[in-house]
Amino acid sequence: MNDWFANRFEDFLIYDQQFSDYVHKAHDYQMLGIFLIIIPILVFFVFYKPIDPQPVKLWKWFVTFLISAVLLFLTAYYWLYSNSMYNPIQNEQMSDMSAVSFTLQLSFWAVVFSIIPALLFSWIWSRTVSINNAKNPF
Amino acid sequence: MSKLYVFGIGGTGARVMKSLTFMLASGVKLSNDIDTVVPILIDPDFGNGDLTRTKQLLDLYMKINKKAQYEEGLFTTKIKTLSELSNSAGSIGDKFKMLDVSGAQNEKFREFIGYSSLSSENKALINLFFSENNLNADMTVGFKGNPNIGSIVLNQFKNSKEYKVFLNSFEPDDSIFIVSSIFGGTGAAGFPLLLRNLRKIDPNLSNSKNVANSKIGALSMMPYFKINTPTDIANQTIDSSSFMGKAKAALSFYSNSIFGNNNQLNSFYTLGEDVANFYEHNDGQAAQKNDAHFLEFAAALAIVDFTWDLQNLETKDEKAVQTSFKEFGIQAALKRRLSFKTLGGKSKKQVLTPMSKLYLMFLFHKHLHQNKKDFEKSPWHIHLEEVYSNDGLYDQYLKDFGEHFLSWIQEMKKNDIAFNPFKSEVSYPKLLNFIEDYEVKKPGLKFWDNPADGDKFNKILNSEYKTSQKTDDKGSDFLKLFDRATEIQVNSITK
C-alpha cells in the first residue's frame, strides 16, 4: 500500500528523489493515504450524524470539507515533520527544495486527494446515517 | 360502516358545521361504526356569510379527504354530499344545502302566504299571529329572528328534491343529528318541523320508515351572543333582548311537542352562556359572518359525543325509547378565558392531540412560506415539492383550508368566552411551545439545546420521510407524512 500511495503522490509532486526515499522508507506515503481517507470519514460522519445541521445548506457542507482539509493538512504536516527519519535532513538544502517545502507539497496533495473520499463518504453517510442532510450535497 | 347525517339549521347550524369540519380535519374520532358524515345545511338566506364560508370549507375538506389514504388521523372521516350518495348530481342543485324555498326567494311573507287572496276571516286570524312587520318581511335573508314566519316557510322542505334524495340514501344503521339555535328565526322554527317530518312515516316517500326509526340526536343553542343596536333604530330587525324570551317559549313548546309522550329524540344537548359578547347588527346575507365562538366548538363536540353514545340509544315505533339529556361543562367554571387545560378531562382527551396536530401543520407552513430557502433542501421537501405547485394539494386546497382554520382559532380567541388553545405569535425558535399551558421539556444535560426549535419538528419530518413508503401520489404522501410527524411531535409535548 505504501508503494501504491507513493506512486500516486509522485505522479503529481515536484519530485525529489532523496526526500521521497526518506518518506517512502518511513512508510509515510501509506500513513498519508490512511489520513486522507480516515479524516474525511470521521469529519463527515460528525457532520451527518451528531450535528446533522438545519437548515440544510450547501455552504455548510463546504465548511465541513474545509475543516476536514485543514485537519488533514495539519496532521500530514505534523506527521511528516516529526518523523525521526526525516529529522536529519529537515534543515538541509538537499536539492532545489527544502524539506519543509517538500512536506508542504505532500500535505497539499494529500488534501487534494482527500476530495475523493470526502465526496464518496458524503454520499454514503448522507444516504445512511443522516436524517436532515440526506440530500446534501447530492 | 354507517353514515351520520348532520342537519345544520340557520346561521348557528352552519357555524357549528364549520367547527365539526375542523374537528374532523384534525382527526377527532367519531364512533368506530361511522365513517361518513353527510352535512345538510338548511337556510333560506342563500347569501348568508356564515353559510358561504362553511360550504367553501366543506368543499375543500372533501377534496383533501380524497388524498387521506390511511385509517385514522388528519382528514380521514369522509364527508359526502347528498348528490354523491344518490348519484343524481344533476337533479340536486347546491351542494350540502337542502331546502328549495323557491317560493320564498325575493318575496315578502305576505305574498308567500297569499294574504291578499284570503277571506277577511282568515286575514283576521293571520293578523293574530303575524304583525305588520312580519307580513312585510323580505324572506330572502331568512326569518330575522321570527320563528312564526320560519315555521310556515320551512315546512316546504319536505317537498324538496334534496329531502327525497336524503330519504333514498338512508340506510338502517345510519343516524341523524340536528343542530339549531333556539333563540333566532330559522333554527328555532326549523328544528321541530324537521324532527316531526323525520319521525313520520309517509307511505308516499320510500325509505321514510328507516328514517323514522333511526337514532336522532339534536342540539339547541341557547342565547350565546347579543346583537348591537344599529345606529338607525328604524332599521333594527333583530332585537337580542327578546332572545331569552324566545328561548323560553321554544323550550316550553319542545317539552310537549318533542319530549313528553312524543319522545322524538334519542339525545338532546343544550348549550348556553351568560351573554357578554355583541355581534354587529345585520339582516343576514353576506354581512352575516359572526366570529366563531367556543360554544360552537362545544356543539361540535356534542355531535362527536352522540356518535359514541349510539350503542346505548334505542328507537321503537318511531319514538325514542328514552331521551338522554346532556349539558356541556368545563373544569374551570368561572374562567372566561379557556384553554385545553380548562376543558373537562373527556373533552381534552378528545381534542388536545388532534387539534394541536392540525394547528402545528399550518403554523409550521406559515414559517415555511416565510423562509422557503431554509426548507427546500430538506429531504421530505425535495420529495414533496410538487404539492406546493399551483396544481398541488397544498396550494390548491390545504392553504385555503389552513387560512380558514387559523382565522377560526383567532376568532374564538377574540370572543367572550375566549377559547385560547394556542399561543398567538410563536417565533420559529420557539415554535414547539405553541400549545397554551404546555412547554416542551428542557433536556437534562444538553443545556445548549433548544428543545422548542421548529427545526426539531423539521427533523421529525425528515426522519419519518426516511422510513415512509413513497408513492407517486405526492398529495397522499404529504398528508400521511404530516399526520405521523405531527402526532409524534404533539405527543412528545403533551405527554
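The values are calculated or read from the model by the stated rules, or taken from the named source; none is laboratory data. Values in this document were obtained by computation on a predicted structure and should not be read as measured data. Don't worry about glycine lacking a Cβ; one is built from the backbone with ideal geometry, like all the others, and counts go over all protein chains shown.
Key figures for this structure:
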item	result
Residue within segment B:410-431 that is more than 14 Å from every other protein chain (Cβ to nearest Cβ) and within 20 Å of B:S463 (Cα to Cα) present	no
Qualifying residue in segment B:392-399 (condition: within 14 Å of chain A (Cβ to nearest Cβ), closer than 30 Å to B:D472 by Cα and in contact (Cβ under 8 Å) with a residue 40 or more places away in the chain)	no
Any hit, segment B:191-205, residues being surrounded by 22 or more Cβ atoms within 10 Å (Cβ to Cβ) and outside any helix (DSSP H, G or I)	yes
Filter result for the condition that a residue is in a helix (DSSP H, G or I), buried (at least 22 other Cβ atoms within 10 Å of the Cβ) and not aromatic (F, W, Y), over B:L406, B:L398	B:L398
Some residue of segment B:351-362 being more than 14 Å from chain A (Cβ to nearest Cβ), loosely packed, with under 14 Cβ neighbours inside 10 Å and assigned to a helix (DSSP H, G or I)	no
Looking only at segment B:132-145, and only at residues there that are assigned to a loop (DSSP other than H, G, I, E, B) and under 23 Å from the mean Cα position of the chain (by Cα), the one that is modelled with the lowest pLDDT	B:G142
Qualifying residue in segment A:64-85 (condition: within 21 Å of A:I14 (Cα to Cα), touching a helix residue (DSSP H, G or I) at 6+ places or on another chain (Cβ under 8 Å), among the polar types (S, T, N, Q) and at pLDDT below 90)	yes
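Here is a yes/no grid of residues against (1) in contact (Cβ under 8 Å) with a residue 12 or more places away in the chain; (2) more than 14 Å from chain B (Cβ to nearest Cβ); (3) surrounded by 14 or more Cβ atoms within 10 Å (Cβ to Cβ):
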| residue | (1), (2), (3) |
| --- | --- |
| A:D11 | no, yes, no |
| A:I14 | yes, yes, no |
| A:F19 | yes, yes, yes |
| A:D28 | yes, yes, yes |
| A:M31 | yes, yes, yes |
| A:I41 | yes, yes, yes |
| A:L58 | yes, no, no |
| A:W61 | yes, no, yes |
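Conditions (1) more than 22 Å from the chain's Cα centre (by Cα); (2) among the hydrophobic types (A, V, I, L, M, F, W, C), marked per residue:
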residue: B:T315; (1), (2): yes, no
residue: B:E327; (1), (2): no, no
residue: B:V351; (1), (2): no, yes
residue: B:N390; (1), (2): yes, no
